[in-house]
1. If we keep just the residues of region 77-106 that are in a loop (DSSP other than H, G, I, E, B) and within 17 Å of the chain's Cα centre (by Cα), which is surrounded by the most Cβ atoms within 10 Å (Cβ to Cβ)?
2. Counting only residues that are of a type in the set (D, E, K, R) and assigned to a strand (DSSP E or B), which one in region 221-245 is surrounded by the fewest Cβ atoms within 10 Å (Cβ to Cβ)?
3. All but one of (1) within 30 Å of S283 (Cβ to Cβ); (2) modelled with pLDDT under 95 hold for R214, so report the exception by its number.
4. Out of region 345-363, which residues are in contact with a Gly (Cβ under 7 Å, 6 or more places away or on another chain) and either surrounded by fewer than 17 Cβ atoms within 10 Å (Cβ to Cβ) or outside the structural domain of E266 (by TED's automatic domain parsing) (or both)?
5. Every residue in region 197-213 that is over 28 Å from L155 (Cβ atoms) and in a loop (DSSP other than H, G, I, E, B), please.
6. State which residue is surrounded by the most Cβ atoms within 10 Å (Cβ to Cβ) when the search covers only region 364-381 and only residues that are assigned to a loop (DSSP other than H, G, I, E, B) and in contact with a Lys or Arg (Cβ under 7 Å, 6 or more places away or on another chain).
7. Can you confirm whether region 229-237 contains a residue that is in contact with a helix residue (DSSP H, G or I) (Cβ under 8 Å, 6 or more places away or on another chain), in contact (Cβ under 8 Å) with a residue 12 or more places away in the chain and either farther than 27 Å from G307 by Cβ or in the same structural domain as G311 (by TED's automatic domain parsing) (or both)?
8. Can you confirm whether region 103-114 contains a residue that is of a type outside the set (V, I, T), more than 20 Å from V74 (Cα to Cα) and not assigned by TED's automatic domain parsing to the domain that holds T231?
Amino acid sequence: MSIRSALLTTLALSMTLPAQGFLLTRVDGSQLPGQVVGLGAADAGRTMVFASSGGKVSVPWTEILGLQGPSPRVTAVVAVYLVGGDEFKGLIMGGDDEGETLDLQTAMGRLEIPLDRLRTVVFRTRAKTRSIDEFRLSKDDDFDEAVFLEAGRGLDVQGGEIDRLTDRGIYFARVGEDLARMFRFDSLVGLTIREGVGSEEPGSLSLITTAGDRLRVEILTAGPKQLRIRTEFGEKDVPYEQISALTHLAGPRRYLSDMKPVRIAEAGDDGGLDQTPLYSFQSDRTVSGGVLFAKRSPADGYLVVDGWTYGKGLGVHSRCELTYRVPPKMTKFYARVAVDDEVKALGIKGDADVMVRSGDTVLWSSKGLCCGQKPESLGVLAVTPGALLTHEVGFGKGLFPGDRVDWLSAVFLH
């Protein structure tokens, strides 16, 4: 079997995992383990029918934050990031002759992705421990498209214009050259486009699959075995065992990961705030971004605690203080907090103290947060619109590289 055939087989197998249940998280902070049975209708609107040990319950759609499923297991060699936050893991099969699309084989099927939707493509086996932030163009670059090749400790950035893609590489015209030449995929670390465009109609839910795809969707139907969803690339059937997380984005809620902090204070190596941090905070990813220890932790940077995947949240490293202004009309705040499962690959537990405060008033705190513990719930905290809410992660009993803390499903509610 060729390497290419083996990769395609791996993609197919990644979508036939054993059936697993979910944690259904409600806006009141409670979690219910069980299985999705289907969708129902109620006088107040749509409901999700959920089967737990106590029997079937119909949960109003407006009361659901999301579903937590098993950790993604990313095996694909290419990661394709789109403008707006969607991403797919797969294998590039080529593109159209006009150079307007990328043809990607994923565990969800074959996708034709318009090039103007692209933000970055990373060849994971060659990128190794590089951060996704390294595949960005600076404001001083006088080109909007680039390929990245290995160059000693850094990256060789070659600007120009994408001509078209094939199943083996990309035809790319470098700045100052009239003709495009072939760059084989096995020589590239990544490519990027500065001026991409977002989806015209992003879905109201965020789906993360067990293969590591992240996309905005709408649910059309739900049965005892699968969801029927609509995406910008068409309708798809997704069996429940292929779902790692499903997060409800619409309605009177604002996730911290969709907001900009009004103040960021992160620690340097000596523990002082407002210095260059060991890791900067990440939105909807672990603080490492998943690039470090990827061979031992194939969850690829998704927020995973106690084996459950959370679609929204913040990844931070001690010491870190993030301050947000409570949005208008929002009177409640909910989150869970824990050390991310990726720390298990380090062979240490970490030790962090965490706190949420409004001004000088401590609303919630916990000490000695370590890897391997279940997430601690803050409950639903009362907050005041316009007030400043600070989320602090301190060092605990020492300076530990394992203090990789996740604020899970952190959200303001009406």
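1. At the first step, the residues of region 77-106 found to be in a loop (DSSP other than H, G, I, E, B) are 77, 83-86, 95-100.
With within 17 Å of the chain's Cα centre (by Cα) added as a condition, the list becomes 83-86.
Details: V83: 16, G84: 16, G85: 18, D86: 25.
Out of the qualifying residues, it is D86.
2. Filtering region 221-245 for residues of a type in the set (D, E, K, R) gives 225, 228, 230, 232, 235-237, 241.
Right, trim to assigned to a strand (DSSP E or B) and you get 228, 230, 235-237.
Details: R228: 15, R230: 15, E235: 11, K236: 18, D237: 15.
Within region 221-245, the match that is surrounded by the fewest Cβ atoms within 10 Å (Cβ to Cβ) is E235.
3. Here R214 clears every test but (2).
4. Start the filter on region 345-363 by keeping residues that are in contact with a Gly (Cβ under 7 Å, 6 or more places away or on another chain), which leaves 346, 348-353.
If the condition is that a residue be in contact with a Gly (Cβ under 7 Å, 6 or more places away or on another chain) and either surrounded by fewer than 17 Cβ atoms within 10 Å (Cβ to Cβ) or outside the structural domain of E266 (by TED's automatic domain parsing) (or both), then I348 is the only one that fits.
5. Those that are over 28 Å from L155 (Cβ atoms) and in a loop (DSSP other than H, G, I, E, B): S199, E200, E201, P202, G203, S204, T210.
6. To start, the set of residues in region 364-381 that are assigned to a loop (DSSP other than H, G, I, E, B) comprises 370-375.
Narrowing further to those that are in contact with a Lys or Arg (Cβ under 7 Å, 6 or more places away or on another chain): 370-372, 375.
Details: C370: 18, C371: 25, G372: 13, P375: 21.
Applying the filter and picking the extreme gives C371.
7. The first filter runs over region 229-237 and keeps only residues in contact with a helix residue (DSSP H, G or I) (Cβ under 8 Å, 6 or more places away or on another chain), leaving none.
Looking through region 229-237, none of the residues is in contact with a helix residue (DSSP H, G or I) (Cβ under 8 Å, 6 or more places away or on another chain), in contact (Cβ under 8 Å) with a residue 12 or more places away in the chain and either farther than 27 Å from G307 by Cβ or in the same structural domain as G311 (by TED's automatic domain parsing) (or both).
8. Our first condition is that a residue be of a type outside the set (V, I, T); within region 103-114, this holds for 103-105, 107-112, 114.
Next, from what is left, pick out any that are more than 20 Å from V74 (Cα to Cα): 112, 114.
Still in the list and also not assigned by TED's automatic domain parsing to the domain that holds T231: 112, 114.
Yes: one or more hits.
The values are calculated or read from the model by the stated rules, or taken from the named source; none is laboratory data. Remember, predicted model here, so these are calculated numbers, not experimental data. Ideal geometry is used to build each Cβ from the backbone, glycine not excepted, and the neighbour counts take in all protein chains shown.
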